[in-house]
Each structure stands twice: as structure tokens, then as C-alpha cells.
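Please read the structure below before turning to the comments.
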Amino acid sequence: MTSPPERHELADELVVVRCQLGESAAFDELVRRWSAPLYRYALKLAGEAELARDLSQDVWLRAIRGLPRLLDPAQFRPWLFGIAHRCFMDRLRSRYAIAVDNDTDPDALGALAIDADEELLHQSLERGLAALPLLEREVLTLFYLESLPLAEISTVLQIPTGTVKSRLFRARKLLRQLVVNPEQEDDR
Amino acid sequence: MTDSSFVTLQQELQQLTTRTLSPSARYGHVALLLASALMCAVLASLLATETALPGRTQLAFAVLLVIGTSWLAYALWVLRSRHSLLANQRIVAGRMAVAFTSVFVAGALLLGAVTGRALFPVAAAFGGSLLVLACLALQQAHRRADALRARRSELERMIGAQS
């Protein structure tokens, strides 16, 4: 049984409905609500402020053009991040030839291990996240930073929920190896 | 990202939204769609009724019909992919379509009655088909807007109940 939607989810949907009706003031509210999560997601993927900014605009343009065709306004969040995912993948592949590596060896990444001093844990996590392969970085960003449930991540990435779970598991494992000093673990 | 640069990004997205949603471009393409559809109706009527015209004239009409159909397809593509209409804009576009096609049908019927030429009743028939399509589009637009308004009221009530 699904729980009733929370107030912020209802408010998000209300803004989308008002936009679809054609209320121009609602579009300002839509920008205020979604520009930060969109930019954050773009930045995590692109790793570069200017590129993230450029991609955010590209995604926003596509979203505004497609908004009248969105059938279920409650699905705006996975729909928007789905556009972002496709847009980023297209741009990153074509323009920067960044490899979307699905077969990264966790052991090989151990060499990139980052000190996990308690005071620096947050920074280490940030650096570890930035060092992850694109697919793992993306799934962790959507799950932990944007708080998307598994079903919505499945919609965004257009992969089955089971694959989302396994990718999350793998991403956490890789991140742990990047954050925790492997030598300390070996000594135990 | 600093606060000021984030505010700039927000402003850029707002400007992008305003530019993208410009109603003039949308209604311009609606007008293009209607004009090309009515032009096609006239040309198709001419080809169907004026069989005594010279071959080269008929060929010229056929070429014009192809051009009109291309404009029609282009306007449809733009309205579908680049300038999709929001609910309120769909109602305005539907009303434009009903008004344009009604005037066309009335004009064709009037000219048919005055001149007695076969061209005009055929053009009125084509126009009548377009008028039916326009009425259906307007009805769908109202239905969609009503559904969205009902959902808006429901959401406002639910949010009010939670606060």
C-alpha cells in the first residue's frame, strides 16, 4: 500500500498543473523549485560548473517544450530527470567522448583511495563521488542527493528496478573503497 | 556555485521560459496551419471540379497543393515538437480554427449560391470537414483544461487540509 503524498509533493504537482493550464506566474515558481536540483544533478554528472550550467539550460528548454505533453503532472520529477539523463548522456558522449563505463573493476579503483579522516568525511565523500564512474555517480546522486525512490530512478534511467538496486549496491561498494583506506581494512 | 551565479542561472532559465512560451510564435503557427489547410481545400476543389482546365494549369494546381500540404505538415510538426500548446492556448487555437473554417464554409456556400459553379459546394464540403475537425479539437482542448482545473482545485483542497 502506498502512503499518501506529502505536502511538498502535492505543491510540486500543483505548480506543474498550473503551468500546463498556461498560468505564466507558475513558470517562475517552477524555475524556483527545480533549477537547484537540476543544476546539482548536472554538476554531479558533468563535474564542471560551466558545462553543468549549459546542460541545465538545454534540459530546461526541452522540458518547457514538452511540458504540455506530460500526461501525469505528478510524474514531473522523474520526467524532468529522465530528460536530463538523456540530454547529459548525449552531450557527454558526443562532445567530450567521456566513456560510460559499466565494467569498472572495484579493486582497480582502490588505488584512488581517499583518506577518511572523520573531520574530512564529507569532503572525502564528495571527492569519492566525483571519482566514481558516471553510471554509479548518477545513481547515487539520484538516490541520496535528490532522494528519488527506486521506481522513479528506474523511470529516469529507463532500466528495471532490479538493475537500479544492483547498480546502487555496486556504487556504494565502490564509494566505500574510495573513502575508506584499504590498507586499514587489510590490517584487520 | 555562488549565490549570485545561481541567481543568474535562475534568471536565465526564467528568460528562456518566457522566450520559449512566446504566444505570438504559437498562434502564428496555428494561423499558418489553418491557412495552409484552407488553401489545400481550395486547390483540391479546383482539381476535382475544373476538369476542363489545360493540363499545365492542372499541373500547377497540383504543385501548389503539394506546397500547401508541406506547409501544413511543417506547421503540425512545429506545434507538436517545438511549440506545443498549453491548455489555455489550445482553447484559443481551437476557437481560431472554428472561426476561420466557419467563415470559409459560409463564404464558399454564399459564392456557390450566387455563381452556381460546382467549385464552391465542393470547397464548402472540404471546409466542412475541417470545421468538424476544428470543433473536435476545441472540445478536446476544453476537456483537457477542465480536467486540469479540477485537479488544481483538488490539490489546493488537499494542501489546505494538510496545513
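The values are calculated or read from the model by the stated rules, or taken from the named source; none is laboratory data. Keep in mind the model is a prediction, meaning the values are calculated, not measured. Don't worry about glycine lacking a Cβ; one is built from the backbone with ideal geometry, like all the others, and counts go over all protein chains shown. Ligands, DNA and RNA are stripped out before the accessible areas are found, and what is left, the full protein with its side chains, is counted by its heavy atoms. Shrake-Rupley method; radii C 1.70, N 1.55, O 1.52, S 1.80 Å.
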Q: Give the residues of segment A:9-23 that are more than 7 Å from chain B (Cβ to nearest Cβ) and either in a loop (DSSP other than H, G, I, E, B) or open to solvent by less than 10 Å² (accessible area, probe 1.4 Å) (or both), sorted by residue number.
A: A:Val15, A:Val16, A:Cys19, A:Glu23
Q. So which residues in segment A:63-97 are modelled with pLDDT under 85 and open to solvent by 20 Å² or more (accessible area, probe 1.4 Å)?
A. A:Asp90, A:Arg91, A:Arg93, A:Ser94, A:Arg95, A:Tyr96, A:Ala97
Q: For segment A:24-44, enumerate the residues that are under 16 Å from the mean Cα position of the chain (by Cα), crowded, with 22+ Cβ neighbours inside 10 Å and of a type in the set (A, V, I, L, M, F, W, C).
A: A:Trp34, A:Leu38, A:Ala42
Q. With respect to A:Trp60, is the statement that it is within 26 Å of A:Phe169 (Cα to Cα), at pLDDT 90 or above, outside any loop (DSSP other than H, G, I, E, B) and not assigned by TED's automatic domain parsing to the domain that holds A:Leu178 true?
A. no
(Q) Give me the residue from segment B:17-42 that is β-branched (Val, Ile, Thr) and open to solvent by 30 Å² or more (accessible area, probe 1.4 Å) and, out of that set, nearest to B:Ala125 (Cα to Cα). (A) B:Val42
Q.
When the residues of segment B:97-131 are narrowed to those that are hydroxyl-bearing (Ser, Thr, Tyr) and surrounded by fewer than 17 Cβ atoms within 10 Å (Cβ to Cβ), which ends up farthest from B:Arg26 (Cα to Cα)?
A. B:Thr115
(Q) Tell me yes or no: at least one residue of segment B:51-60 is in contact (Cβ under 8 Å) with a residue 12 or more places away in the chain and either outside any helix (DSSP H, G or I) or open to solvent by less than 70 Å² (accessible area, probe 1.4 Å) (or both). (A) no
(Q) Condition first: farther than 16 Å from A:Val31 by Cβ and more than 9 Å from chain B (Cβ to nearest Cβ). Now tell me which residues in segment A:56-71 satisfy that. (A) A:Leu70, A:Leu71
Q.
Tell me yes or no: at least one residue of segment B:22-44 is within 13 Å of chain A (Cβ to nearest Cβ), under 27 Å from B:Leu76 (Cα atoms), within 21 Å of the chain's Cα centre (by Cα) and hydroxyl-bearing (Ser, Thr, Tyr).
A. yes
